[in-house]
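Report on the structure given below.
The values are calculated or read from the model by the stated rules, or taken from the named source; none is laboratory data. The structure displayed is predicted, hence computed values, not measured ones. Cβ atoms come from the backbone with ideal geometry, glycine included; neighbour counts cover every protein chain shown.
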Amino acid sequence: AASLGGLLPATALAQKKIVLGFSQVGAESEWRTANTESIKASAKEAGIELKFSDAQQKQENQIKAIRSFIAQKVDVIAFSPVVESGWETVLREAKAAKIPVVLTDRSVNTKDDSLYVTFMGSDFVEEGRKAGRWLVEKMKDQKGEVNIVELQGTVGSAPAIDRKKGFEEIIKADPKFKILRSQTGDFTRAKGKEVMEAFLKADGKKINVLYAHNDDMAIGAIQAIEEAGLKPAKDITIISIDAVKGAFEAMIAGKLNVSVECSPLLGPQLMSAVKDIKAGKQLPKRIVTEETIFPMEVAAKEFPNRKY
Ligand code: AHR
(Lines give C-alpha, C1' and ligand atoms only; values in the text may rest on other atoms or scores of the structure.)
Protein backbone atom coordinates (compact mmCIF):
# COMPACT_ATOMS: atom_id res chain seq x y z
CA ALA A 1 0.00 0.00 0.00
CA ALA A 2 1.07 3.59 -0.65
CA SER A 3 2.51 5.21 2.40
CA LEU A 4 1.37 8.59 3.76
CA GLY A 5 4.16 10.65 5.24
CA GLY A 6 6.28 7.49 5.05
CA LEU A 7 5.11 6.39 8.53
CA LEU A 8 2.01 4.21 8.21
CA PRO A 9 0.42 2.46 5.24
CA ALA A 10 -2.65 4.38 3.96
CA THR A 11 -5.02 1.53 4.90
CA ALA A 12 -3.78 1.52 8.50
CA LEU A 13 -4.24 5.28 8.72
CA ALA A 14 -7.76 5.05 7.34
CA GLN A 15 -8.64 2.43 9.95
CA LYS A 16 -7.21 4.26 12.94
CA LYS A 17 -9.90 4.19 15.62
CA ILE A 18 -11.34 7.41 16.98
CA VAL A 19 -10.46 7.70 20.68
CA LEU A 20 -13.11 9.16 23.00
CA GLY A 21 -12.37 10.08 26.61
CA PHE A 22 -15.54 10.01 28.73
CA SER A 23 -15.78 11.21 32.32
CA GLN A 24 -18.88 9.87 34.07
CA VAL A 25 -20.43 11.37 37.22
CA GLY A 26 -20.47 8.08 39.16
CA ALA A 27 -22.87 5.20 39.78
CA GLU A 28 -25.30 6.95 42.11
CA SER A 29 -28.56 5.80 40.52
CA GLU A 30 -30.29 3.26 38.29
CA TRP A 31 -30.40 6.03 35.67
CA ARG A 32 -26.63 6.50 35.83
CA THR A 33 -25.93 2.78 35.45
CA ALA A 34 -28.14 2.67 32.36
CA ASN A 35 -26.36 5.75 30.98
CA THR A 36 -22.94 4.12 31.47
CA GLU A 37 -24.13 0.92 29.76
CA SER A 38 -25.54 2.91 26.86
CA ILE A 39 -22.24 4.74 26.35
CA LYS A 40 -20.07 1.62 26.61
CA ALA A 41 -22.29 -0.49 24.32
CA SER A 42 -22.65 2.17 21.64
CA ALA A 43 -18.91 2.97 21.60
CA LYS A 44 -18.27 -0.72 20.95
CA GLU A 45 -20.88 -0.85 18.23
CA ALA A 46 -19.57 2.32 16.57
CA GLY A 47 -15.97 1.04 16.62
CA ILE A 48 -14.85 3.94 18.82
CA GLU A 49 -12.13 3.35 21.42
CA LEU A 50 -13.56 4.49 24.75
CA LYS A 51 -11.47 5.64 27.67
CA PHE A 52 -14.00 5.61 30.51
CA SER A 53 -13.48 7.21 33.91
CA ASP A 54 -15.86 7.14 36.91
CA ALA A 55 -15.60 10.29 39.07
CA GLN A 56 -17.51 8.91 42.08
CA GLN A 57 -19.60 12.09 42.28
CA LYS A 58 -16.52 14.32 42.73
CA GLN A 59 -15.74 17.29 40.49
CA GLU A 60 -12.01 17.11 41.30
CA ASN A 61 -11.95 13.56 39.89
CA GLN A 62 -13.64 14.72 36.69
CA ILE A 63 -11.12 17.54 36.29
CA LYS A 64 -8.27 15.04 36.79
CA ALA A 65 -9.79 12.68 34.21
CA ILE A 66 -10.20 15.47 31.64
CA ARG A 67 -6.58 16.55 32.17
CA SER A 68 -5.45 12.98 31.68
CA PHE A 69 -7.47 12.73 28.44
CA ILE A 70 -5.76 15.92 27.24
CA ALA A 71 -2.34 14.46 28.10
CA GLN A 72 -3.23 11.27 26.21
CA LYS A 73 -4.27 13.39 23.19
CA VAL A 74 -7.66 11.70 22.73
CA ASP A 75 -9.68 12.79 19.68
CA VAL A 76 -12.79 13.95 21.56
CA ILE A 77 -13.62 14.47 25.25
CA ALA A 78 -17.17 14.00 26.52
CA PHE A 79 -18.44 14.35 30.06
CA SER A 80 -21.49 14.69 32.23
CA PRO A 81 -20.56 17.43 34.72
CA VAL A 82 -21.42 16.55 38.32
CA VAL A 83 -22.04 20.24 39.15
CA GLU A 84 -22.71 23.24 36.91
CA SER A 85 -19.91 25.63 37.82
CA GLY A 86 -16.12 25.58 38.00
CA TRP A 87 -15.23 24.18 34.57
CA GLU A 88 -13.75 27.17 32.74
CA THR A 89 -10.08 26.44 33.46
CA VAL A 90 -10.05 22.82 32.40
CA LEU A 91 -12.25 23.52 29.37
CA ARG A 92 -9.79 26.22 28.28
CA GLU A 93 -6.99 23.66 28.59
CA ALA A 94 -8.90 21.30 26.27
CA LYS A 95 -9.53 24.13 23.82
CA ALA A 96 -5.85 25.12 23.84
CA ALA A 97 -4.99 21.48 23.06
CA LYS A 98 -7.54 21.62 20.18
CA ILE A 99 -9.58 18.72 21.60
CA PRO A 100 -13.33 19.16 21.03
CA VAL A 101 -15.59 18.69 24.07
CA VAL A 102 -19.15 17.34 24.11
CA LEU A 103 -21.40 17.79 27.15
CA THR A 104 -23.82 14.92 27.74
CA ASP A 105 -26.77 14.80 30.15
CA ARG A 106 -25.79 17.86 32.25
CA SER A 107 -24.58 21.27 31.20
CA VAL A 108 -22.08 23.76 32.63
CA ASN A 109 -22.77 27.42 33.33
CA THR A 110 -20.16 29.26 31.33
CA LYS A 111 -20.60 32.48 29.38
CA ASP A 112 -18.14 31.21 26.78
CA ASP A 113 -19.98 28.61 24.75
CA SER A 114 -16.97 28.15 22.45
CA LEU A 115 -15.61 25.89 25.21
CA TYR A 116 -17.76 22.98 24.04
CA VAL A 117 -19.14 21.81 20.71
CA THR A 118 -22.61 20.69 21.74
CA PHE A 119 -24.72 19.80 24.76
CA MET A 120 -27.02 16.80 24.39
CA GLY A 121 -29.55 15.77 27.02
CA SER A 122 -32.86 16.46 28.70
CA ASP A 123 -34.54 19.77 29.45
CA PHE A 124 -34.50 19.54 33.26
CA VAL A 125 -36.57 22.70 33.81
CA GLU A 126 -39.30 21.22 31.63
CA GLU A 127 -39.15 17.97 33.63
CA GLY A 128 -39.78 20.00 36.81
CA ARG A 129 -42.68 21.77 35.08
CA LYS A 130 -44.18 18.43 34.03
CA ALA A 131 -44.04 17.24 37.65
CA GLY A 132 -45.68 20.50 38.79
CA ARG A 133 -48.43 20.38 36.15
CA TRP A 134 -49.27 16.80 37.08
CA LEU A 135 -49.62 17.80 40.75
CA VAL A 136 -51.73 20.88 40.01
CA GLU A 137 -54.12 18.73 37.96
CA LYS A 138 -54.23 15.95 40.57
CA MET A 139 -55.00 18.41 43.40
CA LYS A 140 -57.34 20.68 41.47
CA ASP A 141 -60.34 19.95 43.73
CA GLN A 142 -58.36 20.06 46.97
CA LYS A 143 -59.48 23.08 49.01
CA GLY A 144 -56.99 23.19 51.92
CA GLU A 145 -53.21 23.46 51.95
CA VAL A 146 -51.09 20.95 50.04
CA ASN A 147 -47.92 20.36 52.06
CA ILE A 148 -44.99 19.24 49.96
CA VAL A 149 -41.57 17.88 50.92
CA GLU A 150 -38.84 17.91 48.29
CA LEU A 151 -35.84 15.60 47.91
CA GLN A 152 -33.32 17.49 45.82
CA GLY A 153 -30.59 15.97 43.69
CA THR A 154 -26.87 16.62 44.16
CA VAL A 155 -26.22 20.16 45.42
CA GLY A 156 -25.08 22.42 42.57
CA SER A 157 -25.98 19.94 39.82
CA ALA A 158 -27.98 21.12 36.81
CA PRO A 159 -30.86 18.64 37.33
CA ALA A 160 -31.27 19.63 41.00
CA ILE A 161 -31.28 23.36 40.20
CA ASP A 162 -33.52 23.10 37.15
CA ARG A 163 -36.02 20.54 38.43
CA LYS A 164 -36.60 22.69 41.50
CA LYS A 165 -37.00 25.79 39.36
CA GLY A 166 -39.47 24.24 36.88
CA PHE A 167 -41.62 22.71 39.63
CA GLU A 168 -41.79 25.94 41.66
CA GLU A 169 -42.62 27.95 38.55
CA ILE A 170 -45.82 25.90 38.12
CA ILE A 171 -47.00 25.46 41.72
CA LYS A 172 -46.47 29.11 42.70
CA ALA A 173 -49.61 30.01 40.68
CA ASP A 174 -51.71 28.61 43.56
CA PRO A 175 -50.85 29.59 47.17
CA LYS A 176 -52.35 26.37 48.55
CA PHE A 177 -49.14 24.59 47.49
CA LYS A 178 -46.50 24.89 50.22
CA ILE A 179 -43.01 23.41 50.18
CA LEU A 180 -42.57 22.51 53.86
CA ARG A 181 -39.06 21.14 53.56
CA SER A 182 -36.48 20.75 50.82
CA GLN A 183 -33.18 18.94 51.26
CA THR A 184 -30.66 17.06 49.16
CA GLY A 185 -30.75 13.27 48.97
CA ASP A 186 -27.81 13.28 46.53
CA PHE A 187 -29.76 11.23 43.94
CA THR A 188 -29.25 8.01 45.97
CA ARG A 189 -31.69 5.53 47.54
CA ALA A 190 -29.86 5.49 50.89
CA LYS A 191 -29.86 9.29 51.23
CA GLY A 192 -33.46 9.52 49.99
CA LYS A 193 -34.54 7.14 52.75
CA GLU A 194 -32.50 8.90 55.43
CA VAL A 195 -33.78 12.40 54.58
CA MET A 196 -37.40 11.20 54.27
CA GLU A 197 -37.11 9.66 57.74
CA ALA A 198 -36.08 13.09 59.05
CA PHE A 199 -38.97 14.78 57.18
CA LEU A 200 -41.43 12.30 58.68
CA LYS A 201 -40.04 12.80 62.16
CA ALA A 202 -40.44 16.55 61.83
CA ASP A 203 -43.77 16.79 60.01
CA GLY A 204 -45.33 13.30 60.02
CA LYS A 205 -48.95 13.32 58.95
CA LYS A 206 -48.81 16.94 57.76
CA ILE A 207 -46.99 15.79 54.62
CA ASN A 208 -49.33 15.40 51.63
CA VAL A 209 -46.83 15.20 48.78
CA LEU A 210 -43.26 14.06 48.15
CA TYR A 211 -41.49 15.52 45.11
CA ALA A 212 -38.23 13.60 44.53
CA HIS A 213 -35.77 14.78 41.88
CA ASN A 214 -35.14 11.15 40.88
CA ASP A 215 -36.68 7.70 41.19
CA ASP A 216 -33.93 6.28 43.39
CA MET A 217 -34.55 8.84 46.14
CA ALA A 218 -38.30 8.22 45.83
CA ILE A 219 -37.75 4.46 46.19
CA GLY A 220 -35.63 5.02 49.31
CA ALA A 221 -38.30 7.39 50.67
CA ILE A 222 -41.06 4.82 50.02
CA GLN A 223 -39.27 2.48 52.44
CA ALA A 224 -39.13 5.23 55.07
CA ILE A 225 -42.84 5.99 54.58
CA GLU A 226 -43.79 2.32 54.98
CA GLU A 227 -41.59 1.95 58.05
CA ALA A 228 -43.41 4.96 59.54
CA GLY A 229 -46.68 3.04 59.14
CA LEU A 230 -48.00 5.17 56.26
CA LYS A 231 -49.12 4.11 52.78
CA PRO A 232 -46.96 5.50 49.94
CA ALA A 233 -48.94 6.90 47.00
CA LYS A 234 -52.08 6.98 49.18
CA ASP A 235 -51.30 8.83 52.43
CA ILE A 236 -48.51 10.69 50.63
CA THR A 237 -48.68 11.40 46.89
CA ILE A 238 -45.28 10.67 45.35
CA ILE A 239 -43.87 12.28 42.21
CA SER A 240 -40.40 11.50 40.86
CA ILE A 241 -38.26 11.78 37.74
CA ASP A 242 -36.36 9.36 35.42
CA ALA A 243 -38.93 6.56 34.74
CA VAL A 244 -36.41 3.75 35.35
CA LYS A 245 -37.65 0.16 35.66
CA GLY A 246 -37.52 0.38 39.47
CA ALA A 247 -40.05 3.24 39.31
CA PHE A 248 -42.34 1.19 37.08
CA GLU A 249 -42.18 -1.67 39.56
CA ALA A 250 -43.09 0.75 42.37
CA MET A 251 -45.97 2.17 40.32
CA ILE A 252 -47.27 -1.31 39.47
CA ALA A 253 -47.14 -2.15 43.19
CA GLY A 254 -49.24 1.00 43.83
CA LYS A 255 -46.48 2.80 45.78
CA LEU A 256 -45.49 5.63 43.41
CA ASN A 257 -47.98 7.91 41.67
CA VAL A 258 -46.04 9.20 38.69
CA SER A 259 -42.59 9.38 37.12
CA VAL A 260 -41.47 12.01 34.61
CA GLU A 261 -39.29 10.51 31.90
CA CYS A 262 -35.59 11.40 31.63
CA SER A 263 -33.78 9.19 29.15
CA PRO A 264 -30.24 7.98 29.92
CA LEU A 265 -29.86 6.32 26.51
CA LEU A 266 -27.53 8.97 25.13
CA GLY A 267 -24.82 6.61 23.84
CA PRO A 268 -25.86 6.27 20.16
CA GLN A 269 -26.34 10.05 19.82
CA LEU A 270 -22.97 10.71 21.43
CA MET A 271 -21.14 8.30 19.11
CA SER A 272 -22.70 9.81 16.01
CA ALA A 273 -21.78 13.31 17.27
CA VAL A 274 -18.18 12.15 17.81
CA LYS A 275 -18.01 10.80 14.24
CA ASP A 276 -19.55 14.01 12.85
CA ILE A 277 -17.03 16.15 14.72
CA LYS A 278 -14.15 14.08 13.33
CA ALA A 279 -15.66 14.39 9.84
CA GLY A 280 -15.69 18.18 10.25
CA LYS A 281 -19.48 18.47 10.29
CA GLN A 282 -21.27 21.30 12.08
CA LEU A 283 -23.45 20.26 15.06
CA PRO A 284 -26.30 22.15 16.73
CA LYS A 285 -25.23 23.74 20.04
CA ARG A 286 -28.11 22.05 21.88
CA ILE A 287 -29.67 18.63 21.22
CA VAL A 288 -32.73 18.10 23.45
CA THR A 289 -34.04 14.62 24.32
CA GLU A 290 -37.76 14.06 23.64
CA GLU A 291 -39.55 12.82 26.77
CA THR A 292 -42.95 12.14 28.31
CA ILE A 293 -44.54 11.39 31.69
CA PHE A 294 -45.85 8.07 33.08
CA PRO A 295 -48.61 8.05 35.71
CA MET A 296 -49.15 4.82 37.67
CA GLU A 297 -52.30 4.04 35.68
CA VAL A 298 -50.26 3.29 32.52
CA ALA A 299 -47.31 1.58 34.25
CA ALA A 300 -48.28 -2.07 33.73
CA LYS A 301 -49.01 -1.52 30.04
CA GLU A 302 -45.80 0.47 29.42
CA PHE A 303 -43.46 -1.72 31.46
CA PRO A 304 -42.64 -4.25 28.70
CA ASN A 305 -41.51 -1.38 26.41
CA ARG A 306 -39.03 0.09 28.87
CA LYS A 307 -35.36 -0.11 27.86
CA TYR A 308 -33.83 1.10 31.16
O1 AHR B 1 -28.42 14.02 35.38
C2 AHR B 1 -29.46 13.11 35.39
C3 AHR B 1 -29.77 12.68 36.78
O4 AHR B 1 -28.62 12.12 37.38
C5 AHR B 1 -30.82 11.60 36.92
O6 AHR B 1 -32.11 12.07 37.03
C7 AHR B 1 -30.42 10.99 38.21
O8 AHR B 1 -31.07 9.78 38.50
C9 AHR B 1 -28.96 10.89 37.98
O10 AHR B 1 -28.22 10.49 39.02
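Annotations
- For the criterion of being away from the ligand (no atom under 16 Å from the Cβ), crowded, with 24+ Cβ neighbours inside 10 Å and of a type in the set (A, V, I, L, M, F, W, C), I241 fails.
- Residue count, segment 128-156 (criterion: in a loop (DSSP other than H, G, I, E, B), among the hydrophobic types (A, V, I, L, M, F, W, C) and either more than 15 Å from K178 (Cα to Cα) or within 13 Å of the ligand (Cβ to nearest atom) (or both)): 1
- Looking only at segment 178-198, residues that are assigned to a helix (DSSP H, G or I), within 23 Å of the chain's Cα centre (by Cα) and of a type in the set (A, V, I, L, M, F, W, C) come to 3 in all.
- A160 part of a loop (DSSP other than H, G, I, E, B) and small (G, A, S): no
- Taking the criterion of being surrounded by 13 or more Cβ atoms within 10 Å (Cβ to Cβ), among the aliphatic types (A, V, I, L, M) and away from the ligand (no atom under 16 Å from the Cβ), the residues of segment 157-178 that qualify are I170, I171.
- Test: residue in segment 287-308 that is in contact with a Pro (Cβ under 9 Å, 6 or more places away or on another chain) and not polar (S, T, N, Q): yes
Yes/no matrix, rows are residues, columns are (1) in contact (Cβ under 8 Å) with a residue 60 or more places away in the chain; (2) over 24 Å from the mean Cα position of the chain (by Cα); (3) within 16 Å of the ligand (Cβ to nearest atom):
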position	(1), (2), (3)
L200	no, yes, no
G204	no, yes, no
I207	yes, yes, no
A212	yes, no, yes
L230	no, yes, no
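- Any pair with Cβ under 9 angstrom, 6 or more apart, that starts in segment 255-277 at a residue that is farther than 16 Å from Y116 by Cα and more than 14 Å from the ligand (Cβ to nearest atom) and ends at one that is among the aromatic types (F, W, Y) and in a strand (DSSP E or B): V258/F294
- Any chance A10 is small (G, A, S) and either more than 16 Å from F187 (Cβ to Cβ) or at pLDDT below 95 (or both): yes
- Residues located in segment 105-127, provided they are among the polar types (S, T, N, Q) and within 13 Å of the ligand (Cβ to nearest atom): S107, S122
- Being among the small types (G, A, S) and surrounded by fewer than 17 Cβ atoms within 10 Å (Cβ to Cβ) holds for only one residue in S68, S107, S80, S42, and it is S68.
- Inter-residue pairs, beta-carbon under 7 Å, first surrounded by 16 or more Cβ atoms within 10 Å (Cβ to Cβ) and in segment 53-65, second part of a helix (DSSP H, G or I), 6+ apart: S53/A65; A55/N61; A55/Q62; A55/A65; I63/V90
- Residues located in segment 24-69, provided they are within 16 Å of the ligand (Cβ to nearest atom) and aliphatic (A, V, I, L, M): V25, A27, A34, I39, A55
- Hits in segment 154-192 - residues which are in contact (Cβ under 8 Å) with a residue 40 or more places away in the chain and in contact with a Leu (Cβ under 7 Å, 6 or more places away or on another chain): G192
- Checklist (1) surrounded by fewer than 22 Cβ atoms within 10 Å (Cβ to Cβ); (2) β-branched (V, I, T); (3) in a loop (DSSP other than H, G, I, E, B) applied to V125, failing item: (3)
- Members of segment 218-228 that are more than 15 Å from I148 (Cα to Cα) and either within 13 Å of the ligand (Cβ to nearest atom) or among the aromatic types (F, W, Y) (or both): I219, G220
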